[in-house]
Amino acid sequence: MNTDIGGAVEQSTIADPLTKVAFSLYEGRGVFSLLIGSGLSRAAEIPTGWEITLDLVRRVALAQGVVDQPDWAAWYKEQTGHEPNYSTLVRELGATAEERRSILHSYIEPSEEDREQGRKVPTAAHRAIADLVAGGYVRVIVTTNFDRLIENGLRERGIEPTIVASVDALAGAEPLAHSKCYLLKLHGDYKDARILNTEDELAAYPEKYGALLDRVFDEYGLIVSGWSGEWDEALRKAMLRAPSRRYPIFWTVRGRVGNGATELIRQRAAITIPISDADSFFRAVADRVSTLEQSQRPNPLSLELLIASGKRFLARPDYRIQLDDLITDETRRVLERTRGAEFSPDGSWNSDTFRTRILRYEAATESLATLAGVLGRWGDGTEFAPVLDTIRGLYADAEIQRGGFVPYLDIRAYPAVLVFTAYGLGLVRSGRLEVLHRLFQAMLARANGGAVSIVSTIFLTAWKGGAEKSYWQVLEGLGRRKTPLSDHLLDVFTAWSPPFIGVAEFETLFERFEVLGSLASLEVHSKDEMQLQLGQTSGGQRNFVWMPVGRSSWHRESARELLATLGESRDSLTAAGFGHQDPDFIDLFVANYERMAERMRWS
């Protein structure tokens, strides 16, 4: 994002500003406040101050016998020599505070017809705000609005806010620190005669209000929405005098930013968030925070720092110890996360629980897996041992747990699968085939004794967590897929791979990794065994030797290209150790793959 506001530029490495807001809320649970203006109520068809102003001009003029005008603002200026002014009209029409309150009442209070039509009732934005409050992410809301949409939205969610709409209410209110939701209605409530709505009334707040605002703006982060920053001089002054910038300020903008807001944004170093409307903004932020809560994904800025550190240590041979420490520390974090109660193998089958658990495993492992991909892409071989130690450590930790619900036990090694896959993809991208073959054939110790190769243990359907298709078919969009684990991993690494894959055609690279893994898995058989099996038939069909295969087994056009490339690169593959270093074995693998893929397409 690169947003230019009157010469002030705020830059971010995160393309989606909503993600930045969501991470700030998620990681700073309870330290953010909201400043809500009339723009938020507009979606509920409660008119803004300007719309009320023009309607007041119309009503007064019509009562005096003036015919309807196409432009009431122009008419008013022609008659008075001044632009229509909300404060002036309200002061002239309502001599007392009670009369001014009555004028507003008709614009804000919903009628039965309004309720039936969904007007003047809480909108998607108000309900999303209530969700953020319910989750503990927002505790303080400051609003210039007279209406009760915010508190009604909170009450729909079962939240009773502490409401301060007057200095008297402030004196008896629950302390800010003890309130689940503190709602400060700066201008008052439309049912209370003590509302503030003229320029004179808004020029300065009561001293106690000023002190409370000073505290909020000093101690909390802030999201501003629906407030132009043009009016309400007392609020502008309170924001300008706030000394602290300990937490960020996000300011939502629609279209052009006015001069008043520009001054505040620049002075407070606020980050602007272009939005189409408040409903979609708050709903999107609440949804992203909910996703983060379920998946607990890493902060993208922390991930960028980790990747940058890995690349820097790779570039310096004298930083090998630091690189090893970096990998070890990140592995330790994954182990600490995945040993938590949320990953307990106890329980019974529930598709929602399975989906959430997969998301959480991925969130816990994303940083480490991405680092492994970077090491695979730019390493020189010295990184192989620590990466292999990581895979072995993750696998061993998963195998320690012996009791529990079988599906949850089966997927405990998923972090090891993710790290292995990422490192392998990085190796394919860099063309380091010899290291890739070593990775496939590296041994993992089983908990019950003995050892077996990685490619025979945590690669696709050779992994016990991937052998049962029904597990992965509960994930969204995979219900009828023949290779749901492979398809899901493609989706995962499409999102994770840019730091170590770059602009390469990723789907082809991913499928090449899987085909090479299938080739390596067949190396448990000799050439003679393969020739014998392929020379036989069963039920009138040509035999094949089972091996774990990925999505190219049904992706026919892709498989044809990959297998052709494989045949053309037999010499480089055998030089790297594949196929028992025998070109004939590569040909046998291609024939076997074609037969197995053909059977899968018909099944």
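The values are calculated or read from the model by the stated rules, or taken from the named source; none is laboratory data. Because the structure is predicted, anything quoted here is derived from the model rather than measured. In this analysis, Cβ positions are derived from the backbone assuming ideal geometry, glycine residues included, and neighbour counts consider all displayed protein chains.
Which of the residues that make up the range 468-480 are free of Cβ contacts under 8 Å to residues at least 12 places away in the same chain, on the phi < 0 side of the Ramachandran plot and of a type outside the set (A, V, I, L, M)? Selection gives Ser470, Gln473, Gly479, Arg480.
Does Met600 satisfy being hydrophobic (A, V, I, L, M, F, W, C), within 38 Å of the chain's Cα centre (by Cα) and modelled with pLDDT of 95 or more? Considered against the rule, which asks whether it is hydrophobic (A, V, I, L, M, F, W, C), within 38 Å of the chain's Cα centre (by Cα) and modelled with pLDDT of 95 or more, Met600 comes out as no. Just one of the listed residues (Ser569, Ser538) is small (Gly, Ala, Ser), surrounded by 15 or more Cβ atoms within 10 Å (Cβ to Cβ) and not assigned by TED's automatic domain parsing to the domain that holds Leu436, namely Ser569. Residues that are of a type in the set (Ser, Thr, Tyr) and in contact with a Phe, Trp or Tyr (Cβ under 8 Å, 6 or more places away or on another chain) within the range 304-326 comprise just one, Tyr319. Restricting the range 310-349 to residues that are surrounded by 17 or more Cβ atoms within 10 Å (Cβ to Cβ) and polar (S, T, N, Q), the residue that is farthest from Asp389 (Cα to Cα) is Thr338. Scanning the range 265-305 for residues that are in a helix (DSSP H, G or I), surrounded by fewer than 19 Cβ atoms within 10 Å (Cβ to Cβ) and of a type in the set (A, V, I, L, M, F, W, C), we see that the one that is farthest from the chain's Cα centre (by Cα) is Leu305. Please go through (1) assigned to a helix (DSSP H, G or I); (2) out of contact with any Phe, Trp or Tyr (no Cβ under 9 Å at 6 or more places or on another chain); (3) not hydroxyl-bearing (Ser, Thr, Tyr) for Ala422 and return the number of the only condition it doesn't satisfy. In the conditions (1) assigned to a helix (DSSP H, G or I); (2) out of contact with any Phe, Trp or Tyr (no Cβ under 9 Å at 6 or more places or on another chain); (3) not hydroxyl-bearing (Ser, Thr, Tyr), Ala422 misses (2) alone. Selection over the range 127-153 of residues that are farther than 20 Å from Gly221 by Cβ and at pLDDT 90 or above gives a count of 6.
Only a single criterion out of (1) of a type in the set (Asp, Glu); (2) within 21 Å of Ala128 (Cβ to Cβ); (3) modelled with pLDDT of 75 or more is not satisfied by Glu78, namely (2). Consider the range 542-593 and keep the residues that are in a helix (DSSP H, G or I) and β-branched (Val, Ile, Thr). The one that is farthest from Asp487 (Cα to Cα) is Thr574. Being assigned to a helix (DSSP H, G or I), more than 42 Å from the chain's Cα centre (by Cα) and not acidic (Asp, Glu) is the filter; apply it to the range 506-536 and report the residue that is farthest from Asn592 (Cα to Cα). This residue is Val524.
The combined condition, being under 20 Å from Leu371 (Cβ atoms) and among the aliphatic types (A, V, I, L, M), is not fulfilled by Leu409. Of all residues in the range 459-475, exactly one satisfies the criterion of being assigned to a loop (DSSP other than H, G, I, E, B) and under 15 Å from Leu425 (Cβ atoms), namely Phe459. If the condition is being among the aliphatic types (A, V, I, L, M) and buried (at least 18 other Cβ atoms within 10 Å of the Cβ), then the range 493-512 contributes only Ile501.
Can you spot a residue in the range 345-354 that is charged (D, E, K, R) and either farther than 24 Å from Glu304 by Cβ or touching a strand residue (DSSP E or B) at 6+ places or on another chain (Cβ under 6 Å) (or both)? So far as the range 345-354 goes, yes, one or more of its residues are charged (D, E, K, R) and either farther than 24 Å from Glu304 by Cβ or touching a strand residue (DSSP E or B) at 6+ places or on another chain (Cβ under 6 Å) (or both). In the range 449-457 there is at least one residue matching the filter, namely being among the polar types (S, T, N, Q) and farther than 23 Å from Glu362 by Cα.
Kindly indicate whether Glu523 is charged (D, E, K, R) and surrounded by fewer than 16 Cβ atoms within 10 Å (Cβ to Cβ). When the stated conditions are applied, Glu523 does not pass them. The residues on offer are Leu478, Leu427, Leu436, Leu485, and the sole one that is under 29 Å from Trp349 (Cβ atoms) and outside any loop (DSSP other than H, G, I, E, B) is Leu485.
Based on this model, can you work out whether Arg542 counts as more than 19 Å from Val524 (Cα to Cα), at pLDDT below 90 and under 43 Å from the mean Cα position of the chain (by Cα)?
no
Please state which one of Ser344, Ser348 is without any contact (Cβ under 8 Å) to a residue 60 or more places away in the chain, farther than 21 Å from Pro499 by Cα, out of contact with any His (no Cβ under 6 Å at 6 or more places or on another chain) and not aliphatic (A, V, I, L, M). Just a single option satisfies the conditions, and that option is Ser348. Residues considered: Leu485, Leu489, Leu460, Leu444. Of these, the only one that is in contact with a Lys or Arg (Cβ under 7 Å, 6 or more places away or on another chain) and buried (at least 16 other Cβ atoms within 10 Å of the Cβ) is Leu444. Screening Ala396 against (1) over 28 Å from the mean Cα position of the chain (by Cα); (2) more than 29 Å from Asp324 (Cα to Cα); (3) small (Gly, Ala, Ser) leaves a single unmet condition, (2). In this structure, is Val428 within 27 Å of Ser553 (Cα to Cα), free of Cβ contacts under 8 Å to residues at least 60 places away in the same chain and either assigned by TED's automatic domain parsing to the domain that holds Glu336 or hydrophobic (A, V, I, L, M, F, W, C) (or both)? When the stated conditions are applied, Val428 does not pass them.
Every listed requirement among (1) assigned to a helix (DSSP H, G or I); (2) not assigned by TED's automatic domain parsing to the domain that holds Arg377 is met by Phe313 save one, (2).
Residue by residue, here is whether (1) free of Cβ contacts under 8 Å to residues at least 24 places away in the same chain; (2) over 20 Å from Glu514 (Cα atoms) holds:
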| site | (1), (2) |
| --- | --- |
| Thr338 | no, yes |
| Gly376 | no, no |
| Ile391 | no, no |
| Val406 | yes, yes |
| Val419 | no, no |
